[in-house]
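Data block below; observations after.
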Amino acid sequence: MTKCSPLTVEEQVARRKEYMHRYNQTYKEERRENDTQYHRRYRATHREKCAKRERKWRKAHSEVNACSSAKRRALLVGAEGSFTSKEFKLKCIAYENKCVYCGLVLPLTADHAIPLSRGGSDNIDNIVPACSLCNSRKGTKTYDEFVSQSAVA
Ligand SMILES: [Zn+2]
């Protein structure tokens with residue numbers, strides 16, 4: 001009787017890795033399709049639960065919303081530049097998550113210090129965090145115009 005030579009740990013790891021690689025290659029497409037169908041079915045049968053989870057996620061990640069809505073407006077007017085939700089989050093942290101105009105801690109939106117309608121860019125250096133009320137009150141004024149007007153009022 002011949003005795004099998006035992007594999008070293010490294011050989012076992014390499015063999016396992018190779019097996020998993022082949023397995024993943026073989027079933028990747030099938031699994032992706034199954035996952036897609038599963039999630040589609042799940043969302044269809046748990047509509048309310050999914051909507052609630054999405055609202056919760058959006059509330060916790062308001063920077064994503066702020067970023068995509070600013071991006072949409074920038075695209076409309078053909079403004080140059082762009083910023084990521086991560087950059088906006090860092091900007092908010094730099095402003096202690098407060099509205100740059102009223103100082104309240106509210107869900108923040110991305111306000112263009114120089115409005116897009118007046119040639120401002122969509123780059124992060126033109127973005128300040130503002131609550132939606134201040135953002136809409138500011139309208140097409142620049143940061144300086146809005147701040148000096150608020151000081152007079
Ligand atoms: Zn505000």
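The values are calculated or read from the model by the stated rules, or taken from the named source; none is laboratory data. None of these values were measured; they are calculated from a predicted model. Cβ coordinates were reconstructed from backbone atoms using ideal geometry, including for glycine residues, and neighbour counts include every protein chain displayed.
You will find that of GLU30, GLU96, GLU11, the residue that is exposed (fewer than 10 other Cβ atoms within 10 Å of the Cβ) and more than 26 Å from ASP144 (Cα to Cα) is GLU30 and no other. In this entry, ALA151 is excluded by the filter for residues that are touching a strand residue (DSSP E or B) at 6+ places or on another chain (Cβ under 7 Å) and within 16 Å of the ligand (Cβ to nearest atom). Within segment 57-99, can you find the residues that are under 9 Å from the mean Cα position of the chain (by Cα) and among the small types (Gly, Ala, Ser)? If the condition is that a residue be under 9 Å from the mean Cα position of the chain (by Cα) and among the small types (Gly, Ala, Ser), then SER62, ALA66, SER68, SER85 are the ones that fit. Hey, among VAL128, VAL100, which residue is more than 18 Å from ARG58 (Cα to Cα), within 16 Å of the ligand (Cβ to nearest atom), not in a loop (DSSP other than H, G, I, E, B) and not basic (Lys, Arg)? Answer to the selection: VAL128. List pairs: first residue in segment 99-112 and free of Cβ contacts under 8 Å to residues at least 60 places away in the same chain, second residue among the aliphatic types (A, V, I, L, M) and more than 9 Å from the ligand (Cβ to nearest atom) anywhere in the structure, Cβ distance under 6 angstrom, at least six positions apart or on different chains. Qualifying pairs under 6 Å: VAL100/VAL128; THR109/ALA66; ALA110/ALA66; ALA110/ALA70; ALA110/ILE127; ASP111/VAL128. Within segment 49-68, the set of residues being touching a helix residue (DSSP H, G or I) at 6+ places or on another chain (Cβ under 7 Å) and at pLDDT 85 or above comprises CYS50 only. Does SER136 satisfy being touching a residue at least 12 places away in the same chain (Cβ under 8 Å) and among the hydroxyl-bearing types (Ser, Thr, Tyr)? No: the conditions fail for SER136. Of GLU54, GLU48, all but one fail to be over 22 Å from the mean Cα position of the chain (by Cα) and either exposed (fewer than 14 other Cβ atoms within 10 Å of the Cβ) or within 16 Å of the ligand (Cβ to nearest atom) (or both); the exception is GLU48.
Taking ALA110 as the residue in question, decide whether it is under 13 Å from the mean Cα position of the chain (by Cα) and either outside any helix (DSSP H, G or I) or modelled with pLDDT of 90 or more (or both). Here the answer is yes, as ALA110 does meet what is asked. ALA113 fulfils the conditions (1) within 16 Å of the ligand (Cβ to nearest atom); (2) surrounded by 20 or more Cβ atoms within 10 Å (Cβ to Cβ) except for a single criterion, (2).
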